[in-house]
Structures are given as structure tokens and as C-alpha cells.
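First the structure, in the form of C-alpha cells, and then the observations on it.
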Amino acid sequence: MEYEAVIGLEVHVELKTNAKAFCGCTTAFGGEPNTHVCPVCLGLPGVLPVINRQVVEFGLKTALALNCQVAPFCKFDRKNYYYPDLPKNYQISQYDLPLARGGHLKITVDGEERVIGITRVHMEEDAGKLIHVDGPDGGYSLVDYNRTGVPLLEIVSEPDLRSPAEARAYMEKLRTILQYLDVSDCKMEEGSLRCDANVSVRPRGSQSFGTKTEVKNLNSFRSLQRALEYEIERQVAILESGGRVEQATMAWDENRGVTYVMRTKEEAQDYRYFPDPDLVPLEIDAAWIERVRRELPELPDARCRRLIDDYGLPAYDAGVITSSRDLADYFDRVVALYPDAKTVSNWIMGDFLRLLNAGNLEPGQSPVPPEEMASLLQLQKEGTISGKIAKQVLEEMFATGKGARQIVEEKGLVQISDAAALTQIVEEVLAANPGVVEDYRNGKDKALGFLVGQVMKATRGKANPGLVNRLLKERL
Amino acid sequence: MPITTAEVEHVALLARLKLTPEEKAAYTGQLNAILEYMDKLNALDTTDVEPTAHVLPLRNVFRDDVARPGLPREKALAGAPAASEGQFKVPRVV
């Protein structure tokens with residue numbers, strides 16, 4: 001039988017506010033343990049949390065960008081559980097009246113666009129970090145509450161995803177949108193963007209759902225995809241052998257490449273939600289929503305459309321460039337100075353991204369400012385340097401931070417476009433390769449390429465290739 | 001009786017309370033008395049009454065997004081039964 005997967009994602013994103021959600025402690029990442037804490041986030045007796053206005057603003061931006069309906073009235077609830085990552089024994093969250101519901105985003109996988117529903121977006125607080133230490137009597141745990149109370153948005157998708165690749169595309173699209181909105185650092189390696197996946201399988205074409213498991217600890221796009229592939233295979237194998245999938249919470253073990261059971265249905269959590277009496281409800285009126293909507297930046301889909309319509313870029317190019325706001329900004333700034341959009345796009349998608357990746361840099365951290373990228377392309381267009389040399393110069397610009405013109409002058413890379421200067425080299429190459437010359441005259445067109453290559457080699461890539469071609473042909 | 005001893009045991013477990021058989025019986029009775037009173041309230045027609053989200057008539061109370069120093073670490077850890085390496089030290093539960 002053929003099976004299909006049904007996947008829904010719960011994404012947690014840390015908001016980049018200055019202060020925590022309900023107190024004035026800094027949200028800075030790192031820091032010595034327990035140095036970003038106060039009586040409120042430590043849950044000491046007698047304190048009162050007050051919601052940070054920026055958390056609501058960021059929540060609204062996100063909800064609107066995800067096409068959600070913002071609730072005119074929402075409140076905070078206590079989610080009760082006993083685990084020392086939260087000192088109060090409850091997490092402030094939103095239960096039955098979340099900030100927003102009913103949105104969607106679009107993903108494209110293998111050229112097919114799909115609309116993925118967003119069930120809800122709600123605000124809550126992050127928990128602290130535990131380090132488990134082995135020892136006698138079961139060992140102990142050390143708790144750092146620096147992260148406790150950092151604002152989170154939980155974004156829950158509908159079970160609309162049908163493959164690990166779609167789940168990954170959804171997660172990547174969501175991150176891109178969050179980056180455009182500038183509401184989070186979205187650093188999966190630092191935990192500011194995290195994901196749990198609900199997954200089940202069913203016979204293809206079936207309308208009912210199979211028993212699902214929830215997979216936790218998916219801290220990179222790669223683990224998300226790998227864990228889902230593994231878990232789907234595991235569930236299908238159980239069904240194929242006539243078994244039944246047990247509802248359970250699983251964890252992903254990145255090193256072993258397997259999912260394993262954390263707890264079963266019998267041990268399922270009972271969070272006993274109830275309204276938090278310490279926090280008053282929120283009323284978000286139409287004027288507030290409209291103000292936030294007006295302030296939304298151009299979002300990835302619209303920007304992608306604009307690059308296609310205004311610059312005539314292929315959809316693929318526009319998709320790659322707009323997958324990062326910083327990259328799209330970079331593109332726009334280069335094109336403003338060097339208006340051949342397709343050439344700019346080729347350079348950005350090719351050597352520029354390759355050199356960024358090699359240096360483990362984000363587009364916003366490029367050592368080559370857009371003005372210098374434009375001047376490099378200008379040098380090539382003027383014929384001052386060849387395309388091959390331009391690639392070398394870009395590498396040099398990445399390595400040294402120097403400007404394109406400066407490198408070309410310092411290294412004497414100016415293209416040789418003087419026929420007199422090249423003629424002698426051309427003659428030498430012809431004299432040294434009589435066999436190849438013969439081949440060409442006998443109709444082997446490829447032989448010309450070899451001869452051009454030899455001239456380029458002799459000039460260390462500086463000869464003007466068009467001119468070399470012409471000079472060679474004149475003599476053959 | 002809507003609440004059974006088994007439910008009291010479940011709630012006690014969730015709240016990490018260890019109850020004696022006498023206490024279980026006592027709480028079963030007390031919880032049922034409270035729920036019976038709820039039944040009395042349920043007899044009222046509340047069709048046109050908004051659910052109460054909060055007892056105070058306040059909405060939209062915010063703090064500004066300004067970070068400020070919290071507690072010095074020694075003070076933060078002062079009330080902890082055990083501490084080590086600048087962190088709260090607790091029994092390991094997983």
C-alpha cells in the first residue's frame with residue numbers, strides 16, 4: 001500500500017525585544033548564568049508581571065504577515081507543569097483566546113506552490129536552561145534562568161504538510177518572513193527559532209488521520225527533514241507489519257539519526273490551564289491593527305514578484321535572492337548602481353553566495369559593500385578586466401576588504417586590450433603548437449579554444465578574450 | 001458524586017502532593033462540595049453575560065521595552081536550597 005504523511009509544525013520563535021516579556025531583564029543571549037534575572041522572572045513571592053508592549057507589537061506584525069485574523073480580545077493563561085526550567089511551576093502562555101488565528105503562508109516545492117494553513121499565533125514566555133550532571137543518587141541538574149521569561153511566539157500550522165521537504169520549505173519560508181519583519185534573530189543554533197513536528201501516516205487518498213507522534217528537538221532544517229523522514233518510515237513499517245502506531249512524544253537523536261520515545265500517551269501532560277489573574281486582558285482595536293499593517297515591510301512573496309516584474313529576473317533567481325532580506329537589499333543596492341539585473345543576479349547567486357558560505361557569513365555580513373560589487377561589475381563591463389580576473393578580484397575583495405579598483409591597480413590585473421602587445425604572444429603560441437594549428441585548419445573548431453587558453457595562460461588571464469580570438473583567427 | 005478518589009489521586013500526582021488515605025477521602029468530599037456549588041451556579045441563566053476574563057476592569061496595561069539591571073547573582077541564588085557554579089542546583093528529574 002502507498003502511504004502519505006500528514007505533518008503539522010509548532011514553531012517557537014524568540015522575539016528580539018530589549019527586555020523580557022514580563023519584566024525588565026535583558027534578553028541578551030549568553031551571559032554568565034543567572035545574571036539576567038530578577039524577582040519577576042525568578043517567580044519570587046509577591047511580584048507582578050506586566051506585558052512588554054513590544055511583544056504585542058511583534059506578535060501583531062507576525063500575525064498580519066501570516067494573514068491571520070487578530071483577536072479583538074485576548075488574555076494570558078497559566079500552563080502548569082513541574083519541571084525546574086520554569087521557577088514558578090507554570091509558564092505564562094495563551095490558551096483558549098490566542099492573539100491570532102486562521103492564517104496561511106505559501107511554499108513552493110518542486111515547482112508546485114502550496115498554501116499551508118496557520119492555526120494560531122500566541123504569545124508566551126521561554127524557559128530556562130538545565131545542565132544534567134551525573135553522580136551518586138541519580139546526579140543533579142544545574143539551572144540557569146537567563147532565558148526564562150524571554151518572549152516567544154508559538155506559531156502552529158494546520159496539518160497541511162505532506163512531506164519532509166514541504167515541512168522544511170514551510171520552516172524556511174516562515175524564517176524568511178520573520179527575518180523580513182525583523183522580529184527575531186531566527187538563529188536555530190542559538191535556539192531562537194525552534195520546531196516540534198506532529199506527524200502521522202495514512203493510506204494515500206484517505207481522508208481520516210492516523211495516530212500521530214510529536215517529535216521534539218528539531219534544531220536545524222536538516223534535523224527537521226531527517227527526523228521526519230525517519231519517523232515516517234518508522235510509522236509505515238509498523239503499519240506494514242500489521243501493528244499500530246502508539247501516540248507518543250518522541251525526541252530526535254541527531255547523532256544516531258533516530259527518533260526515540262520520551263513519553264507515551266499514558267504519561268501525557270495535563271497542564272490544567274487557567275487564566276493568569278496577574279495579567280489583565282488585551283483589547284486590540286482596528287486602529288491598532290491598521291497602524292501595524294501599514295508599517296509592515298515588503299514581504300518575501302511581494303518582493304519576489306517585484307524582482308520578476310521590474311527587472312525581468314527568472315522566478316528561480318528572484319526566489320533565491322528574496323530568500324533573505326539582507327540578500328535582497330544587497331541586490332537592490334547593487335542594481336541601483338549597475339542596472340543590468342541579470343548580471344548582478346548571476347554574480348550574487350554564484351560567486352558572491354559561494355564566498356559568503358565559504359566564510360560562514362550571512363548576507364548582512366558581507367565584507368564587500370554593494371558599491372564595490374557594482375564597481376567590480378563596471379570594471380568588467382568597461383573591459384578593464386576579464387570575467388575570469390573579475391572572479392579572482394572578488395575573492396581578493398572578500399579576503400582583504402579592499403576595493404575592486406584598488407586590487408586591479410595594485411596587482412596589475414588590467415586587461416590587455418592592446419593588439420600590438422598581444423600579437424607577439426599569439427605568434428609564439430601558434431609557433432609552439434603546430435599540431436593544434438593543423439587540427440584547426442582541418443576543421444577541428446575546438447582547437448581554437450585550446451589556443452585561446454594558451455594565450456590566456458601566457459598572460460595570466462589578463463588578455464582580452466575577444467581580441468585574442470580575433471588575432472588568432474586572422475592568422476589561421 | 002462527580003469526583004472519585006481516582007481523580008483526586010490524579011490531581012494530587014499532577015500537583016506533586018503525597019496524600020494519606022484519610023486526606024484523599026477528605027479532599028474527595030471537599031472537591032465534591034465545591035462542584036455541587038458550581039451546579040447551583042449553573043442553574044442561573046447566563047446567556048447574556050460575558051465570560052469574566054479578569055476581576056479588574058483593566059485592559060492593556062503595558063511596560064516599555066527597556067532593559068534594566070536585575071538582581072546581582074549572589075542575591076538571586078541567596079534563597080536557593082543549593083547552588084553550584086552560579087546556578088541553582090536541583091535533584092535530577094530526567
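The values are calculated or read from the model by the stated rules, or taken from the named source; none is laboratory data. These numbers were taken from a predicted model, which means no experiment stands behind them. Cβ: placed from backbone, ideal geometry, glycine included. Neighbour counts: every protein chain shown. When the accessible area is computed, the model is the full protein with side chains, heavy atoms only, and any ligands, DNA or RNA have been set aside. Shrake-Rupley method; radii C 1.70, N 1.55, O 1.52, S 1.80 Å.
Things to note:
- Among the trypsin sites (Lys or Arg not before Pro) in the stretch A:373-439, none is located in a DSSP loop while being surrounded by at most 11 other Cβ atoms within 10 Å of its own Cβ.
- Helical content alone sets the calculated 222 nm signal of chain A at -12000 deg cm²/dmol, taking -39,500 (n - 2.57) per DSSP H segment of four or more residues and averaging over every residue.
- Taking only protein heavy atoms and a 1.4 Å probe, the accessible area of the stretch A:298-438 is 51% carbon and sulfur.
- Centroid-to-centroid separation of the stretch A:270-340 and the stretch B:7-48 [C-alpha atoms, Å]: 49
- Cα-based helix-to-principal-axis angle, A:325-337 vs chain A, degrees rounded to 10: 30
- The charge dipole of the stretch A:3-291, taken about its Cα centre with unit charges on the Cβ of Lys, Arg, Asp and Glu (plus for the first two, minus for the last two), comes to roughly 320 debye.
- The stretch A:87-133-the stretch A:209-244 distance, computed between alpha-carbon centres (Å): 20
- Built amide H within the under 5 Å cut-off of B:Phe88, gap 5+: A:Val143
- Averaged over A:52-60, number of beta-carbon atoms from partner chains that fall within 10 Å: 3
- For chain B, the longest principal axis of the Cα atoms and the long axis of helix B:5-14 meet at an angle of about 20 degrees.
- Candidates per chymotrypsin sites (Phe, Trp or Tyr not before Pro) in the stretch A:302-356, loop by DSSP, up to 16 other Cβ within 10 Å: none
- The angle between the Cα long axis of helix A:53-65 and the longest principal axis of the Cα atoms of chain A comes to about 60 degrees, rounded to the nearest 10.
- Dipole magnitude for the protein assembly as shown: about 1160 debye, using +1 per Lys or Arg Cβ and -1 per Asp or Glu Cβ, origin at the Cα centre.
- Probing with 1.4 Å while keeping every protein chain in the model, the per residue accessible area of the stretch B:1-46 equals 80 Å².
- Selection from A:Leu152, A:Gly128, A:Cys195 lying farthest towards where the dipole of the stretch A:95-214 points positive, charges on Cβ: A:Cys195
- In the context of the full set of protein chains, chain A has a per residue accessible area of 46 Å² (1.4 Å probe).
- Ordering A:Leu356, A:Tyr140, A:Val109 by the projection of their Cα atoms onto the charge dipole of the protein assembly as shown, which places +1 on the Cβ of Lys and Arg and -1 on the Cβ of Asp and Glu, puts A:Leu356 at the extreme positive end.
- Note on A:Thr35: accessible area is roughly 60 Å² with a 1.4 Å probe, heavy atoms of protein only.
- Per-residue surface analysis assigns A:Glu372 an accessible area of about 50 Å², computed on protein heavy atoms at 1.4 Å probe radius.
- Chains B and A together, accessible area buried on both sides, 1.4 angstrom probe, square angstrom: 3700
- Model label points for A:Arg114 and A:Phe274, set 7 angstrom from Cα along the Cα-to-Cβ axis, are 4.2 nm apart.
- Inter-part distance where the stretch A:368-434 and the stretch A:26-72 are each reduced to a Cα centre, Å: 53
- Loop-located trypsin sites (Lys or Arg not before Pro) in the stretch A:124-232 (DSSP state not H, G, I, E or B) with no more than 13 neighbouring Cβ atoms inside 10 Å: A:Lys187, A:Arg204.
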